[in-house]
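S.K.: Quick one: this structure, given as C-alpha cells, is what I'll be asking you about.
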Amino acid sequence: MTDEASQRSGIGSGEALRCEGAPRDLGLDQGRGLAARVRVAASDERGNWLDRLRRRTSPDALDARAARDTTRFFPHMAERLAGLAAGARVDERDLYALLARELSPPPRGGLLATSREHASGAALVARAVPAAPGPELALRQSVPDNDFRSMEVVSPWLVPAMAGVNEHGLAVAVSVGPATPDSLRACAAPAVLLVQDCLQRFDALEAAVEWCMGRPAGGVARIVLADAEGRAAAVEVAGSERRVDRGSAGLLLGNVRPDDRAALEKACVDGAPDEAALVAIVREHPRAAPAAVLLDPAGRRLAICRDGANAWLDLPTEGGRTAA
C-alpha cells in the first residue's frame, strides 16, 4: 500500500490501516502505509548533525538505552519497530529516538473508565487525543500471527498504541507523565509498550494487570484496562514501582492535576456518565481537547469522537489465541 493510498487511515477518516503477520511484517505494513508521515517525524527528530552524532556515540543517551531495553524486554516490539523502519525507509535509531520521547511527552489529557455501577452497565474507557491539526494519529488494525487482533489509535511513527481494544473485549489506554531519574534506573523501555503487549496477549482484565505489574518498563505512566465483563483497573507505573488502582465507584483517572481531578470526579459521580457524557468530560474538563477516543470492550469497538459525532469501528471477533 502506498502512503498516498493510505491517507484514509488518518484519524478522521473512519478507516483503519490493516497490519498483519509476524512482528516484522506488522511493522512493514505500517511503515509502507504511513511512510510519508513517518519520514517527516524522523526528519524532525534528527536535529543538526552534531546533536545526532552526540546521541549516537553515547551509550548513555536515552534513545540508545530505550533501544537496548526494548530489544531485551520487548523483543516482538523491537522486531516490529525494525519492520516499521524498513517499510518507511528510515533509520531505526531515529524511531527509537521518537519512542524515547514517550518517556516525557507533552500533556495529552486524562483517562476515564466506568464500571457496572454506572448508567451504561458496562466498562467504557475515554481518552483525549490530539486529532487536529495535522496527521498526528492514525487508526490501525493489528492482526498478528497467533495472537489477538485489535483496533487501535497510534502515532504513525510508533509501534505501541496509545489506546485500543482487542477481539475479546480487552480495552487498554495509557496516559504518560514526565519520567524521573529513578523511574529510568532499571529500564528505559517506555511503559507505553505494555499497551501493545496486553492487546495482543490477553483476553481478560486480571491476566493483563498481572503482566503490567511484572514486566520491566521505564518512565511514569498510568495504564487503564477494562474488559467485556465490565471489570476495570488502572496500573500505575513509576519505573519498577507498580500499584493497582481499582477506582472509586467505578471511576479511574489518568495523569491529571489534583484540582482537575476533583472536577472530573464530581462530573462523573453527578452524571453517571454514558458515552456522550464521558467524551464531554474528557474534552471539556479541565481543558478542551480536539477529540477523544472511546473504547467499548463489550462491543469490541472503538470510536473517534469529535464535534458531537462518534465514528465507530467494529472489530471482527474470529481468530487469535492467548500467547504463553
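Results for (1) surrounded by 17 or more Cβ atoms within 10 Å (Cβ to Cβ); (2) touching a residue at least 24 places away in the same chain (Cβ under 8 Å); (3) farther than 25 Å from Arg65 by Cα; (4) not assigned by TED's automatic domain parsing to the domain that holds Arg68, shown as yes or no for each residue.
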{"site": "Leu184", "(1), (2), (3), (4)": "yes, yes, no, yes"}
{"site": "Cys187", "(1), (2), (3), (4)": "yes, yes, no, yes"}
{"site": "Val192", "(1), (2), (3), (4)": "yes, yes, no, yes"}
{"site": "Leu205", "(1), (2), (3), (4)": "yes, yes, yes, yes"}
{"site": "Ala221", "(1), (2), (3), (4)": "yes, yes, no, yes"}
{"site": "Arg243", "(1), (2), (3), (4)": "no, no, no, yes"}
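S.K.: Considering the range 59-82 alone, what residues qualify as being outside any helix (DSSP H, G or I) and either among the aromatic types (Phe, Trp, Tyr) or in the same structural domain as Ser142 (by TED's automatic domain parsing) (or both)?
M.R.: Phe74
S.K.: Among the residues of the range 172-204, write down those that are more than 13 Å from Phe74 (Cβ to Cβ) and in a loop (DSSP other than H, G, I, E, B).
M.R.: Of everything in the range 172-204, those that are more than 13 Å from Phe74 (Cβ to Cβ) and in a loop (DSSP other than H, G, I, E, B) turn out to be Pro178, Ala179, Thr180, Pro181, Arg185, Ala186, Phe202, Asp203, Ala204.
S.K.: While we're here: Which residues, taken from the range 1-32, are at pLDDT 95 or above and within 17 Å of Val90 (Cα to Cα)?
M.R.: Result: Arg24, Asp25, Leu26, Gly27, Leu28, Asp29, Gln30, Gly31, Arg32.
S.K.: Give the residue that is farthest from Asp245 (Cα to Cα), with candidates limited to residues of the range 163-182 that are of a type in the set (A, V, I, L, M, F, W, C) and crowded, with 24+ Cβ neighbours inside 10 Å.
M.R.: In this case the residue turns out to be Val165.
S.K.: Quick check on the range 120-167: of everything there that is at pLDDT below 85 and hydrophobic (A, V, I, L, M, F, W, C), which residue is farthest from the chain's Cα centre (by Cα)?
M.R.: Ala122
The values are calculated or read from the model by the stated rules, or taken from the named source; none is laboratory data. Note that the coordinates shown come from a computational prediction; the quantities given were computed from them, not determined experimentally. All Cβ positions, glycine included, derive from the backbone under ideal geometry; neighbour counts span all protein chains shown.
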